[in-house]
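I have placed the structure first, in the form of structure tokens, so that the comments after it can refer back to it.
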Amino acid sequence: MKKLIISMLLPLLCFMLPATAGEGMWIPSLLEQMNEKEMRQMGFRLTAEDIYSINRSSLKDAVVLFGSGCTAGIISEEGLILTNHHCGYGQIQAHSSLEKDYLTNGFWAMRREEELPCKGLTVELLIRMEDVTGEVLAGITDKMTEAVRDSIVAVNQKKIIDRETKDSHYTGKITAFYYGNVYYLFITEVFKDVRLVGAPPGGIGKFGGDTDNWMWPRHTGDFSMFRIYAGKDNLPAEWSEENVPYKPKKSLTISMKGYEKEDFTFVFGYPGRTQQFIPSWAVSLVSEVENPVRIRLRGRRLDAINQFMAQDPLTRIQYAAKAAGIANGWKKWTGENNGLKRLGTVQNKREAEREFSTWVMGERNRKTTYQGLLGAFEAVYKKMTPVSLAYVYYTEAGLGIELVRLAGRFNKLIMLSEQGKAVDEELSRLISSIPDFYKNYNPSVDRAVMPYLLSEYATHTDQAYLPGVFAEIRKKYGTDYQRFTNDAFQESMLVSKEKLLDFLEHYKPSRHKKLLKDPFVRLAVSFSDTYREKIADELSGYRDITDSLQRVYVKALMEMSPGKRFYPDANLTLRVAYGQVMDYTPRDAVHYDYYTTLAGILEKEDPAVEDYAVDPRLKALYQARDFGKYADQRGMLRTCFIATNHTSGGNSGSPVFNADGQLIGINFDRNWEGTMSDINYDIRQCRNITLDVRYCLFVVDKVCGAGHLLNEMKLVY
Ligand code: ARG
Ligand code: ASP
């Protein structure tokens with residue numbers, strides 16, 4: 001509590017102070033050394049060894065990386081895993097059609113045989129992690145160029161990985177921490193047969209939709225269940241009918257006891273990317289240059305998509321996952337910008353940077369090592385602004401046109417044809433993947449947004465990075481992008497699945513010229529050429545520079561505050577965040593309580609608005625107050641709660657634990673006022689949002705009739 005008060009009194013200095021309880025994503029293998037004492041003072045009743053151990057089973061054996069960017073917890077001895085609805089969304093969507101609309105109606109396998117295979121989905125389990133900094137940096141000196149450093153680091157890393165994974169089925173990877181001051185080796189097991197077990201109806205799993213996304217108070221039943229399958233030897237295996245449910249070293253115990261305000265809680269999962277240590281100029285680039293453009297371009301695309309989704313049920317299914325993805329970033333960046341402004345992050349960082357300079361100038365050695373650092377940051381961020389902006393336009397405007405993205409898939413075919421190489425393999429790959437694109441495509445969306453996106457792209461991109469195709473367009477159309485769009489849709493064979501497949505099925509390498517004449521292929525080729533030739537290298541050159549400056553800067557900051565605990569920025573490796581269940585005050589005179597209940601779902605109900613349509617079964621149970629064993633002590637059914645845990649994108653699906661290491665919920669979001677926490681965490685306003693596990697089980701059991709799954713789980717009362 002004392003720390004909390006200090007940080008409130010001295011917001012200008014928070015950058016320099018020890019991380020407050022709540023802030024930080026900590027390394028599991030270092031908890032004992034860095035956090036255990038504080039965790040126990042806050043109420044934690046286990047030991048660090050219960051969270052991460054390589055000698056015995058620990059919670060880490062029940063937490064997996066789900067797909068490429070979410071987390072899941074293992075909740076049964078038979079490989080059942082619990083993650084978010086929005087994490088399983090792509091898979092649920094892939095199994096859906098107008099006839100079997102799992103997005104809307106939900107899906108539950110009533111028997112094992114009904115569990116649905118998921119193409120391409122993997123889960124990754126951490127076996128162990130190890131600090132390998134010494135070996136990775138062997139032979140490195142301060143005088144080396146970044147390129148030389150990188151190549152030595154790469155060779156050293158490969159040597160370690162080869163040695164540590166030799167003669168095993170394990171996968172190894174090495175990840176940089178603190179911008180390359182520290183390196184960790186991760187030995188993992190990757191499971192490739194993961195099947196969909198169940199998802200609630202959309203009205204529960206996505207309740208509140210994009211309207212409530214990134215917001216508190218929240219009532220989304222954001223969960224889905226999958227099962228890990230393994231070979232008969234319990235090792236990872238490709239999908240096979242012979243595979244059996246995976247037997248984990250550890251599965252989570254589920255608490256039905258709930259939580260109260262100020263209770264200790266922790267989150268164990270895979271946060272993707274945070275940038276707590278960047279200098280003021282980097283924050284300005286994100287908040288003043290990049291975010292506004294992304295917000296504007298995505299806003300326009302969403303307007304169009306939403307309009308077509310509202311008009312047509314097929315479009316609604318086709319664009320559900322795409323719209324959710326586009327909207328998620330759009331809203332996050334909007335909230336992030338508000339938060340950074342409110343906190344005055346840029347000014348606070350400037351202030352901290354002035355103090356840093358004073359510290360540097362205070363001693364001769366420091367002066368020699370660090371004097372030019374901040375100036376170098378300023379210079380490189382200034383130089384990289386135009387190319388960063390060009391990159392944003394390339395991805396958000398150029399690749400915002402779906403047919404341009406489709407056309408981009410022909411790059412390899414064109415290249416092989418030009419070089420006179422065999423094309424058969426590539427052709428059959430294209431032919432088999434193309435129907436999936438059209439399954440989810442409505443050309444009206446592209447038609448509606450393309451003139452705007454092209455015009456924005458052309459108007460705001462520095463000449464040096466403007467794709468050549470714009471000059472061609474200008475010659476014939478001036479700035480009439482509407483007319484260009486009309487003609488493109490008239491001429492292109494990509495507009496029709498049949499035409500395109502017919503062309504590919506009768507393809508000969510000499511016909512690549514016809515492909516190159518297609519307007520969407522022309523756009524795609526020109527955009528990607530410009531990206532490859534002018535943007536990618538320059539940008540990665542700048543990133544090398546900022547990374548190496550960052551490495552020195554973080555090292556200096558650590559020297560400057562020797563007593564301070566530094567947590568490394570998130571990098572999609574397993575972390576522990578801990579804090580307290582806590583309410584908050586978003587603005588003057590407004591108070592948000594720390595949990596929501598089913599009553600709130602009925603308050604929000606609006607049958608006319610899709611996001612707020614309430615499932616009739618849920619409503620009937622509410623009216624009968626039939627909450628069974630899932631109610632809290634006051635007889636209420638709680639839906640979600642908030643806490644001060646520091647989380648980020650990737651933490652979705654992360655198990656949330658009580659002081660005894662029992663599962664009380666799954667993390668799925670943050671609050672609107674706290675979305676700037678990737679850059680600037682603030683304990684007064686930053687909250688992670690967790691789905692109460694009791695609501696989740698209530699839905700499985702009483703709404704969806706899949707109560708048999710609870711027999712696999714360990715519940716404690
Ligand atoms: N904001 C949450 C997270 O970043 C949930 C996103 C999914 N939900 C949605 N309505 N788009 O990813
Ligand atoms: N919703 C995010 C996720 O998908 C979590 C967050 O950004 O707080 O990982």
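Values computed for the structure shown
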quantity	calculated
Filter result (within 9 Å of ligand 2 (Cβ to nearest atom) and either modelled with pLDDT under 95 or touching a strand residue (DSSP E or B) at 6+ places or on another chain (Cβ under 6 Å) (or both)) within the range 650-667	N651, S652, G653, S654, N667
Number of positions in the range 687-717 that are closer than 18 Å to E77 by Cβ, open to solvent by 10 Å² or more (accessible area, probe 1.4 Å) and touching a strand residue (DSSP E or B) at 6+ places or on another chain (Cβ under 6 Å)	5
Yes/no for K322 being open to solvent by 50 Å² or more (accessible area, probe 1.4 Å) and either in contact with a Lys or Arg (Cβ under 9 Å, 6 or more places away or on another chain) or modelled with pLDDT of 95 or more (or both)	no
In the range 247-262, the residues that are within 26 Å of the chain's Cα centre (by Cα) and not in a strand (DSSP E or B)	P248, K250, S251, L252
Answer residue from the range 671-683, given it is more than 18 Å from A21 (Cβ to Cβ) and open to solvent by 10 Å² or more (accessible area, probe 1.4 Å) and is nearest to ligand 2 (Cβ to nearest atom) among those	D678
Residues being aromatic (F, W, Y), away from ligand 1 (no atom under 16 Å from the Cβ) and outside any strand (DSSP E or B) - total across the range 205-246	2
Residue in the range 692-701 that is under 21 Å from H219 (Cβ atoms) and within 12 Å of ligand 1 (Cβ to nearest atom) present	no
Sole residue being within 16 Å of ligand 2 (Cβ to nearest atom) and either open to solvent by 40 Å² or more (accessible area, probe 1.4 Å) or more than 23 Å from the chain's Cα centre (by Cα) (or both), chosen from G90, G106, G79, G73	G90
Complete set of residues in the range 198-215 that are touching a Phe, Trp or Tyr at 6+ places or on another chain (Cβ under 6 Å) and surrounded by 24 or more Cβ atoms within 10 Å (Cβ to Cβ)	G198, A199
Index of the failed condition, T265 passing every other in (1) modelled with pLDDT of 95 or more; (2) within 16 Å of ligand 1 (Cβ to nearest atom); (3) hydroxyl-bearing (S, T, Y)	(2)
Close pairs from the range 325-337: first of a type in the set (V, I, T), partner more than 10 Å from ligand 1 (Cβ to nearest atom), Cβ under 7 Å, at least 6 apart	I326/R298; I326/R301; I326/L302; T334/I295
Meets criteria (more than 9 Å from ligand 2 (Cβ to nearest atom), assigned to a strand (DSSP E or B) and not basic (K, R)) for L691	yes
Counted residues, the range 179-194 - those being touching a helix residue (DSSP H, G or I) at 6+ places or on another chain (Cβ under 9 Å) and buried (at least 20 other Cβ atoms within 10 Å of the Cβ)	6
Per-region count, the range 140-157, residues surrounded by 12 or more Cβ atoms within 10 Å (Cβ to Cβ) and assigned to a loop (DSSP other than H, G, I, E, B)	2
Strands (runs of 3 or more DSSP E) contained entirely in the range 591-669, each with at least 3 residues that are in contact (Cβ under 8 Å) with a residue 40 or more places away in the chain and within 16 Å of ligand 1 (Cβ to nearest atom)	638-643
In the range 52-68, the residues that are open to solvent by 10 Å² or more (accessible area, probe 1.4 Å), within 15 Å of ligand 2 (Cβ to nearest atom) and in contact with a helix residue (DSSP H, G or I) (Cβ under 8 Å, 6 or more places away or on another chain)	G67
Residue among F15, F66 that is at pLDDT below 95 and within 27 Å of the chain's Cα centre (by Cα)	F15
When residues of the range 545-590 are limited to those that are in a strand (DSSP E or B) and hydroxyl-bearing (S, T, Y), the one farthest from S29 (Cα to Cα)	Y584
Residues that are under 16 Å from L515 (Cα atoms), open to solvent by 70 Å² or more (accessible area, probe 1.4 Å) and more than 26 Å from the chain's Cα centre (by Cα), drawn from the range 392-424	K412, M415, E418, Q419
Selected residue (criterion: nearest to N328 (Cα to Cα)) from residues of the range 646-662 that are over 17 Å from the mean Cα position of the chain (by Cα) and crowded, with 24+ Cβ neighbours inside 10 Å	V656
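Matching residues to (1) basic (K, R); (2) open to solvent by less than 50 Å² (accessible area, probe 1.4 Å); (3) under 24 Å from the mean Cα position of the chain (by Cα):
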position: R575; (1), (2), (3): yes, yes, yes
position: V590; (1), (2), (3): no, yes, no
position: T597; (1), (2), (3): no, yes, no
position: E605; (1), (2), (3): no, no, no
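The values are calculated or read from the model by the stated rules, or taken from the named source; none is laboratory data. Given the structure is predicted, the values throughout are model-derived calculations rather than measurements. As a convention, Cβ positions derive from the backbone with ideal geometry for all residues, glycine included, and neighbour counts pool all protein chains shown. Keep in mind that these areas ignore ligands, DNA and RNA; they rest on the heavy atoms of the full protein, side chains included. Shrake-Rupley method; radii C 1.70, N 1.55, O 1.52, S 1.80 Å.
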